[in-house]
Amino acid sequence: MRELPLCDAAKAFVAAARVCRIATVSADGEPHVIPVCPVFDNEATVYVDIGPSSATARAVAHDDRVAVIFDVYDDDWSKLRKVILKCRAERVTGEEQEAAWKRIRATYPQHRDIGWKPRLTLALRAYAWLADGIERKR
């Protein structure tokens, strides 16, 4: 894994993603992974919103380290692409949460239809990354 900063191609790939998966480990060592709808600040922070009593929330309260994967599968394996981020998860409130939710609402307008409101908004602050296939032509 490389230390930050992310290359421009990795940033563009992450920014375009509409789903990613975040992996955590619980206090008793049990792994857990969930799909989430991310928004990216175009530098090194991915924002997600999760249930405050979810397994992910409990795991992050125990250990703030998370792995995040953005990937695209294709039966033509020469087109496989991924970016994996190692992050520290931090609960955000106030102005940072409002800014994250402004991005979330702009990226996912369907949130209006289901009345999704902020719950536990996390800033996943990347400190290392790995990318494969993102500079290939689609």
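Every number in this text was worked out from the coordinates using simple rules, so none of it is lab data. Note that this is a predicted model, so its numbers are computed, not measured. Positions of Cβ are backbone-derived with ideal geometry, glycine not excepted, and every protein chain shown enters the neighbour counts.
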Practice problem: Measure nothing fancy, just the Cα-based angle from helix 94-107's long axis to the longest principal axis of the chain, in degrees from 0 to 90, nearest 10. | Solution: 50
Quiz item: With each label point set 7 Å from Cα along the Cα-Cβ vector, what nm distance links Ser78 and Ser53?
Solution: 5.2
Exercise. Show that you can apply the helix-only estimate: for the chain, add -39,500 (n - 2.57) for every DSSP H stretch of four or more residues, divide by all residues, and state [θ] at 222 nm to the nearest 500.
Key: -7000 deg cm²/dmol
Self-check item: Highest to lowest packing among 30-39, 107-116, scored as the average C-beta count within 10 Å
Solution: 30-39, 107-116
Exercise. Pop a pseudo-label 7 angstrom from the Cα along the beta-carbon direction at both Glu95 and Arg21 and give the gap in nm to one decimal.
Key: 3.7
Quiz prompt | All Cα pairs of the chain, percent lying beyond 20 Å | solution = 46
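Given R₀ = 22 Å, FRET efficiency for Cys7-Tyr127 by Cβ-Cβ distance, to 0.05? Could the numbers behind the result be given before it?
Numbers: r = 15 Å, r/R0 = 0.70.
Given R0 = 22 Å and the Cβ-Cβ separation, E is 0.90.
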